Amino acid sequence: MEGVGEEEMEGVDHLAHERNKSEFDVDAMKIVWAGSPHAFDVSDRISKLVASDPGFRKDNRSTLSRKELFKNTLRKAAYAWKTIVDLRLSEEEAAKLRFYVDEPAFTDLHWGMFIPAIKGQGTEEQQQKWLPLAYKMQIIGCYAQTELGHGSNVQGLETTATFDSQTDEFIIHSPTLTSSKWWPGGLGKVATHAIAYARLIVGGREHGVHGFIVQLRSLEDHSPLLGITVGDIGMKFGNGAYNTMDNGVLQFDHVRIPRNQMLMRVSQVTCEGKYKQSDVPRQLVYGTMVYVRQTIVADASCALSRAVCIATRYSAVRRQFGSQNGGPETQVIDYKTQQSRLFPLLASAYAFRFIGEWLKWLYADVTQRLQANDFSTLPEAHACTAGLKSLTTTATADGIEECRKLCGGHGYLCSSGLPELFAVYVPACTYEGDNTVLLLQVARFLMKTVSQLGSRLSSKKPVGTIAYMTRVEHLMQCRCGVQRGFAELSADLVEAAVAHCQLIVVSKFIEKLQQEIPGKGVKQQLEVLCNIYALFLLHKHQGDFLSTGCITPKHAALANDELRSLYSQVRPNAIALVDAFNYTDHYLGSILGCYDGNVYPKLYEAAWKDPLNESVVPDGYHLYIRPLLKQEIRTARL
Ligand SMILES: CCCCC/C=C\C/C=C\C/C=C\CCCCC(=O)SCCNC(=O)CCNC(=O)[C@H](O)C(C)(C)COP(=O)(O)OP(=O)(O)OC[C@H]1O[C@@H](n2cnc3c(N)ncnc32)[C@H](O)[C@@H]1OP(=O)(O)O
Ligand SMILES: Cc1cc2nc3c(=O)[nH]c(=O)nc-3n(C[C@H](O)[C@H](O)[C@H](O)COP(=O)(O)OP(=O)(O)OC[C@H]3O[C@@H](n4cnc5c(N)ncnc54)[C@H](O)[C@@H]3O)c2cc1C
């Protein structure tokens with residue numbers, strides 16, 4: 001191309017020199033990141049399928065109005081479903097396809113909550129009736145729990161479900177404005193059915209919150225059924241972002257449903273109007289939330305790794321200052337400050353990947369035990385899913401914002417992919433349980449555990465985590481020893497809860513490294529990342545660790561020295577470590593993070609595609625600017 005230097009030519013891998021530095025087998029690391037050779041194959045194949053299909057284009061989202069954006073999301077969801085059916089994709093492949101389409105949509109809640117709720121809280125008979133309809137998408141469901149007046153406090157929900165023994169029905173009703181269902185994804189414009197959570201009233205007696213399957217819209221013309229008022233709650237944070245989702249508002253006006261539409265695995269109401277509580281913990285009603293929290297932890301590693309991939313590749317491309325005798329300026333990835341901000345996030349992405357794998361195992365284990373009426377690990381499963389959801393989503397949201405800042409001004413462009421990633425991701429700190437409320441649950445679990453086990457919370461941790469374990473025990477002892485109420489100490493107890501969750505992440509990373517990990521240099525790289533994760537947190541919270549006495553100020557200084565050394569070990573492998581995520585440019589949606597590193601020409605080209613550049617003289621010039629310039633000040637027509 002005329003006047004285009006080698007450094008700007010398309011088709012050249014501008015990061016080849018970085019990739020050649022790698023000291024490990026990247027393909028083997030791709031398998032580790034994916035979880036298995038099979039998982040890698042599915043992920044690789046489906047991500048490329050989506051990336052190569054113009055029907056899944058997403059680079060124009062920021063220029064669409066809310067209605068155009070939403071209609072485009074419906075088109076994509078329908079197109080995705082057609083692709084799944086036409087290609088006869090498996091459930092695993094279909095889930096991957098929805099993941100790589102990468103657009104918050106009603107399908108997230110249909111597949112991510114409506115179906116799991118029926119599977120987890122429905123009887124066999126109810127599953128046999130409703131799941132086939134849901135799997136074929138002949139009904140579209142949402143999870144309607146939160147209300148205008150209550151979200152965290154589930155037992156404070158006001159919607160009522162009153163049993164009418166005359167007609168063998170429940171009457172679902174919204175008695176107050178604050179009992180309006182508010183927030184459920186997919187509810188506003190699409191869902192035909194909801195799992196609605198309501199206070200069960202039988203024979204004038206209340207029995208707490210239960211789930212009910214309620215049809216909202218006609219399957220003929222999609223109009224709301226009698227007694228149903230439903231709509232969207234309006235624009236949310238960011239422009240495109242989560243506005244592809246119709247989070248809705250719903251009011252019931254004495255809506256009648258058959259008795260067999262109360263989810264009855266945990267408790268039942270007989271046709272005679274007798275309430276029966278199975279001999280299972282009532283908290284199983286919360287089971288869907290536990291399931292989603294563990295998926296959200298896995299999703300945190302995906303979101304954080306996307307941001308880290310963008311920031312790492314761009315940090316290797318960007319040069320600023322440091323030119324010697326007219327030579328190239330310094331790559332910003334070589335600055336120790338850039339490394340000290342970026343590499344702990346890279347380590348966290350891998351740490352969250354592995355804790356997500358472990359949590360998936362823990363959830364499967366507790367589910368299997370529940371089927372045998374073994375509830376012994378339910379409290380720990382609740383505490384772990386709640387605490388790790390809180391820890392990983394907070395760290396990921398903060399990490400995505402830090403990655404934006406690591407990219408300087410260009411990180412603030414929509415074409416960097418980072419503003420949208422942040423806007424879509426950040427509600428994860430709130431949905432599925434406000435992160436502070438969830439940490440309070442962990443604190444409560446720790447208080448009970450300490451009172452039952454005495455000081456030692458658990459001896460089942462790898463040796464390398466002694467400092468972390470001692471930190472948690474110290475924090476708990478400082479709090480439990482004080483004769484003041486839980487509420488008074490809750491802010492301190494939340495810190496102990498965070499420390500407990502960090503202990504779990506570090507110990508599971510260490511356990512992961514005790515497994516057989518194939519591939520040249522792969523385990524060594526993971527050991528470096530594990531040490532970075534553990535030492536970074538020790539450095540960040542060194543006050544806690546010093547106060548336990550199990551490390552000294554000299555240890556803290558040595559840990560900091562070791563961190564710098566570890567960053568130097570990561571540096572030559574940084575690009576390869578993010579290549580191992582195996583993200584397509586389509587999925588990353590980022591010019592700064594593009595695989596070939598050819599950033600500047602792409603940035604420049606993208607700018608001219610903005611609608612504002614359709615004319616060289618902007619609309620409004622003649623009406624507003626020209627008079628200004630010509631000092632013909634007159635009242636501008638609105
Ligand atoms: C767009 C891309 C997204 C990608 C995400 C990827 C995948 C995920 C798929 C879909 C997600 C997509 C979009 C987001 C959807 C979000 C959907 C929602 O937000 S749904 C609504 C979520 N709402 C909540 O989480 C509410 C939080 N509140 C609660 O859970 C409870 O109110 C509570 C805080 C736990 C308090 O409950 P309660 O008052 O009933 O009980 P307590 O008195 O505190 O505790 C009593 C007892 O029970 C134990 N316990 C509490 N909860 C559980 C549980 N879940 N399981 C087991 N045990 C539980 C608790 O420990 C106490 O025990 P004890 O101390 O021994 O008495
Ligand atoms: C994008 C998005 C999607 C959602 N999708 C769904 C959905 O599909 N279905 C659904 O049912 N819901 C959904 N929700 C609702 C979500 O689950 C709730 O918003 C969430 O559970 C938080 O509850 P809340 O809004 O009542 O917050 P609140 O509890 O009102 O939180 C407000 C503040 O109060 C603090 N607080 C509350 N209680 C305590 C306490 N006991 N101690 C100390 N501090 C406390 C919190 O920490 C927070 O700082 C969604 C929300 C969002 C943002």
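The values are calculated or read from the model by the stated rules, or taken from the named source; none is laboratory data. Being a predicted model, the structure only gives us computed values, none of them experimental. In this analysis, Cβ positions are derived from the backbone assuming ideal geometry, glycine residues included, and neighbour counts consider all displayed protein chains. These area figures cover heavy atoms from the full protein model, side chains too; ligands, DNA and RNA do not enter into them. Shrake-Rupley method; radii C 1.70, N 1.55, O 1.52, S 1.80 Å.
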Task: Given (1) crowded, with 18+ Cβ neighbours inside 10 Å; (2) modelled with pLDDT under 95, number of the condition Leu64 does not satisfy - done: (1)
TODO: Would you confirm whether any residue within segment 389-399 is surrounded by 22 or more Cβ atoms within 10 Å (Cβ to Cβ), over 17 Å from the mean Cα position of the chain (by Cα), at pLDDT 95 or above and more than 15 Å from ligand 2 (Cβ to nearest atom)?
DONE: no
TODO: Hey, could you check segment 31-50 for residues that are open to solvent by 40 Å² or more (accessible area, probe 1.4 Å) and outside any loop (DSSP other than H, G, I, E, B) and say which is nearest to Leu577 (Cα to Cα)?
DONE: Ile31
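For the condition open to solvent by 20 Å² or more (accessible area, probe 1.4 Å) and either free of Cβ contacts under 8 Å to residues at least 40 places away in the same chain or among the small types (Gly, Ala, Ser) (or both), what is the one hit in Ser301, Ser305, Ser348, Ser323? Reasoning before the result, please.
Values: Ser301 fails: open to solvent by 20 Å² or more (accessible area, probe 1.4 Å); Ser305 fails: open to solvent by 20 Å² or more (accessible area, probe 1.4 Å); Ser348 fails: open to solvent by 20 Å² or more (accessible area, probe 1.4 Å).
Among Ser301, Ser305, Ser348, Ser323, only Ser323 is open to solvent by 20 Å² or more (accessible area, probe 1.4 Å) and either free of Cβ contacts under 8 Å to residues at least 40 places away in the same chain or among the small types (Gly, Ala, Ser) (or both).
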- [ ] Give just the number: which of (1) assigned to a strand (DSSP E or B); (2) open to solvent by less than 10 Å² (accessible area, probe 1.4 Å); (3) within 16 Å of ligand 2 (Cβ to nearest atom) does Asp246 not satisfy?
- [x] (1)
Task: Test: Gly188 is over 19 Å from Asp108 (Cα atoms), part of a loop (DSSP other than H, G, I, E, B) and within 11 Å of ligand 2 (Cβ to nearest atom) - done: no
Task: Enumeration of residues in segment 519-535 that are open to solvent by 60 Å² or more (accessible area, probe 1.4 Å) and either out of contact with any Phe, Trp or Tyr (no Cβ under 8 Å at 6 or more places or on another chain) or closer than 18 Å to Trp358 by Cα (or both) - done: Glu527, Asn531
Open item on the list: Out of everything in segment 153-174 that is open to solvent by 50 Å² or more (accessible area, probe 1.4 Å) and within 16 Å of ligand 2 (Cβ to nearest atom), what residue ends up being farthest from Gly208 (Cα to Cα)?
Closed with: Asn153
Task: Flag if Glu516 is open to solvent by 20 Å² or more (accessible area, probe 1.4 Å), more than 16 Å from ligand 2 (Cβ to nearest atom) and among the acidic types (Asp, Glu) - done: yes
TODO: Tell me which residues, restricted to segment 249-264, are assigned to a strand (DSSP E or B) and among the aliphatic types (A, V, I, L, M).
DONE: Val249, Leu250, Val255, Ile257, Met262
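Could you identify the single residue in Gly11, Gly55 that is touching a residue at least 12 places away in the same chain (Cβ under 8 Å), open to solvent by 50 Å² or more (accessible area, probe 1.4 Å) and of a type outside the set (Ser, Thr, Tyr)? Spell out how you get there, then give the answer.
Values: Gly55 fails: open to solvent by 50 Å² or more (accessible area, probe 1.4 Å).
After applying the criteria, what remains is Gly11.
Among the residues of segment 485-494, write down those that are open to solvent by 40 Å² or more (accessible area, probe 1.4 Å) and in contact (Cβ under 8 Å) with a residue 24 or more places away in the chain.
Taking segment 485-494 first, the residues open to solvent by 40 Å² or more (accessible area, probe 1.4 Å) are 485-488, 491-492.
Passing the criteria: only Phe486.
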Task: segment 387-401 residues that are touching a residue at least 60 places away in the same chain (Cβ under 8 Å), paired with ones that are in a helix (DSSP H, G or I) and of a type in the set (Lys, Arg) (beta carbon under 7 Å, 6 or more apart) - done: Lys389/Arg293
TODO: Kindly provide the set of residues from segment 263-293 that are more than 16 Å from ligand 2 (Cβ to nearest atom), open to solvent by less than 30 Å² (accessible area, probe 1.4 Å) and closer than 15 Å to Leu378 by Cα, ordered by number.
DONE: Val266, Val280, Leu284
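Need at least 2 residues that are small (Gly, Ala, Ser) per element, so show me which helices (runs of 4 or more DSSP H) inside segment 523-602 make the cut, counting only ones lying wholly within it. Give the derivation first.
Values: elements: 542-548, 553-570, 574-579, 585-588.
So the answer is 542-548, 553-570, 574-579.
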- [ ] Output yes when any residue across segment 460-482 is within 16 Å of ligand 2 (Cβ to nearest atom), crowded, with 18+ Cβ neighbours inside 10 Å, at pLDDT 95 or above and part of a helix (DSSP H, G or I), and no when none is.
- [x] no
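Table: residues versus (1) more than 25 Å from Phe106 (Cβ to Cβ); (2) among the polar types (S, T, N, Q).
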| site | (1), (2) |
| --- | --- |
| Asn153 | yes, yes |
| Leu157 | no, no |
| Phe163 | yes, no |
| Pro175 | yes, no |
| Ala194 | no, no |
| His210 | no, no |
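For Asp579, indicate whether it is of a type in the set (Asp, Glu) and at pLDDT below 95. Before you say what the answer is, go through the steps one by one.
Details: of a type in the set (Asp, Glu): yes; at pLDDT below 95: no.
Spelling it out, it is not the case that Asp579 is of a type in the set (Asp, Glu) and at pLDDT below 95.
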TODO: Collect the residues in segment 364-400 that are more than 11 Å from ligand 1 (Cβ to nearest atom), assigned to a helix (DSSP H, G or I) and aliphatic (A, V, I, L, M), keeping them in residue-number order.
DONE: Ala364, Leu388, Leu391, Ala395, Ala397, Ile400
Task: Enumeration of residues in segment 426-440 that are more than 8 Å from ligand 1 (Cβ to nearest atom) and either under 15 Å from Ser301 (Cα atoms) or among the basic types (Lys, Arg) (or both) - done: Val426, Cys429
- [ ] Test Tyr79 against the stated conditions and say whether it is open to solvent by 30 Å² or more (accessible area, probe 1.4 Å), within 27 Å of the chain's Cα centre (by Cα), at pLDDT 95 or above and under 21 Å from Tyr242 (Cβ atoms).
- [x] yes
Open item on the list: List the residue pairs whose Cβ atoms are under 6 Å apart, where the first residue sits in segment 521-539 and is within 14 Å of Phe509 (Cα to Cα) and free of Cβ contacts under 8 Å to residues at least 40 places away in the same chain, the second is in a helix (DSSP H, G or I) and of a type in the set (Gly, Ala, Ser), and the two are 6 or more positions apart or on different chains.
Closed with: Leu535/Ala559
Task: Cross-chain or 6+ apart pairs with Cβ under 8 Å, segment 419-443 first and on the phi > 0 side of the Ramachandran plot, then near ligand 1 (Cβ under 10 Å from one of its atoms) and open to solvent by 40 Å² or more (accessible area, probe 1.4 Å) - done: Gly433/Ser152
